[in-house]
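Notes follow once the structure below has been shown.
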Amino acid sequence: MEIVDYLRVARRRLWVLLGVPLLAAVAVGAFVFLSPQRYTATCYVAAPALVGGAAAQQYTGTQGASQFVAAFKAAATSPRVLDEVAAETGVATGTLRDGLAVTQVGASSQLTLTYTATKRSTVDPVLTATAKRALDFLFSSQVNIATEQARAASADVTEATKAIADWEKANKVSQPDKLYQATLTEMADLKQQKLSMEAVGNTRGATAAKSAIDAAQKRLDELGPKLPDYQALLAQRDAATSALSQARQGLQGARAQAQAADPTQVTSVGEVSQVSRVRALAMSVLPAAGAGLLLAVLLAIVLEFASRRPPLVPAQA
């Protein structure tokens with residue numbers, strides 16, 4: 001077919017090519033105008049202290065900002081947060097999920113939380129509650145986890161210390177490692193004294209020094225076999241103490257992040273405004289008309305091919 005033929009077909013099916021898009025646009029426009037008035041507002045979340053900085057923070061590196069925004073978006077629409085916001089505001093979770101939208105501001109760590117609904121009175125409370133619950137979900141939970149880790153590490157230190165005390169009580173000796181070292185030092189001094197006394201002919205003093213050396217050696221012989229078990233208990237306590245120190249550092253970092261995520265400091269809700277029906281029309285009528293035009297073209301083609309089919313000839317007897 002040539003262009004003239006296409007134009008002839010279009011002229012013949014003009015009612016289809018114009019009517020279907022017009023009908024689609026009118027239907028969508030009527031739906032927009034007859035729908036309840038919608039209201040919207042935006043909550044700005046700006047917490048630069050939560051992204052980058054120390055390596056111990058959750059969101060670091062070149063993708064830190066994007067990861068924070070993605071995590072906030074997932075938290076804001078998570079079942080737990082939606083249920084909490086629904087219980088606080090009285091808005092159904094399905095309505096919350098449909099009306100909430102999270103957008104990153106450029107490539108920064110700042111983001112916008114937008115909520116659109118038909119009830120003006122619910123917009124501000126929903127945004128406030130959602131921002132607070134999402135930030136709590138992301139950072140307060142870290143504080144709880146770090147607190148439990150610190151508590152468990154502290155319990156390990158207490159248990160290790162008690163094991164050492166029980167061992168000392170059972171063996172009737174306190175700090176045998178230090179006592180063993182002190183006895184070694186004492187023996188070295190006694191041996192030096194014994195040599196000095198023998199050099200000057202002080203037999204009585206040398207004999208007394210030898211008796212003291214024998215007594216010290218006896219103490220060493222008694223303490224020596226016990227030291228490995230005691231030192232193992234000391235190693236357990238040292239390891240538990242080190243773990244407690246790390247847990248407390250983690251808790252301190254988690255608390256710092258939670259403080260930096262204080263909703264009263266990092267969020268601000270804008271003014272609630274009406275959603276423009278003109279903008280809604282522009283965003284819905286034109287796409288509807290385009291879809292209607294595509295449907296009209298397909299319908300015109302079908303009608304044209306149907307009209308060109310040869311009539312059925314009845315079979316002769």
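The values are calculated or read from the model by the stated rules, or taken from the named source; none is laboratory data. Given the structure is predicted, the values throughout are model-derived calculations rather than measurements. Ideal geometry is used to build each Cβ from the backbone, glycine not excepted, and the neighbour counts take in all protein chains shown. SASA here: full protein model, heavy atoms, side chains in, ligands and nucleic acids out. Shrake-Rupley method; radii C 1.70, N 1.55, O 1.52, S 1.80 Å.
Tabulated data
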read-out: Residues of region 239-271 that turn out to be of a type in the set (A, V, I, L, M), over 30 Å from TRP167 (Cα atoms) and under 21 Å from the mean Cα position of the chain (by Cα), as a count; value: 7
read-out: Residues being over 16 Å from LYS169 (Cα atoms) and open to solvent by less than 50 Å² (accessible area, probe 1.4 Å) - total across region 233-242; value: 1
read-out: Scope region 181-238; condition free of Cβ contacts under 8 Å to residues at least 60 places away in the same chain, among the basic types (Lys, Arg) and closer than 29 Å to ASP166 by Cα; matching residues; value: LYS218, ARG219, LYS226
read-out: Residue within region 250-266 that is assigned to a loop (DSSP other than H, G, I, E, B) and open to solvent by less than 60 Å² (accessible area, probe 1.4 Å) present; value: yes
read-out: Residue in region 96-113 that is modelled with pLDDT under 85, within 21 Å of GLN259 (Cβ to Cβ) and in contact with a strand residue (DSSP E or B) (Cβ under 7 Å, 6 or more places away or on another chain) present; value: yes
read-out: Set ARG279, ARG308: member being within 30 Å of PRO36 (Cα to Cα), exposed (fewer than 11 other Cβ atoms within 10 Å of the Cβ) and modelled with pLDDT under 70; value: ARG279
read-out: Lone unmet requirement of (1) open to solvent by 90 Å² or more (accessible area, probe 1.4 Å); (2) part of a helix (DSSP H, G or I) for GLU271; value: (2)
read-out: Identity of the residue in region 92-140, part of a loop (DSSP other than H, G, I, E, B), out of contact with any helix residue (DSSP H, G or I) (no Cβ under 8 Å at 6 or more places or on another chain) and more than 20 Å from ALA47 (Cβ to Cβ), that ends up most open to solvent (accessible area, probe 1.4 Å); value: LYS119
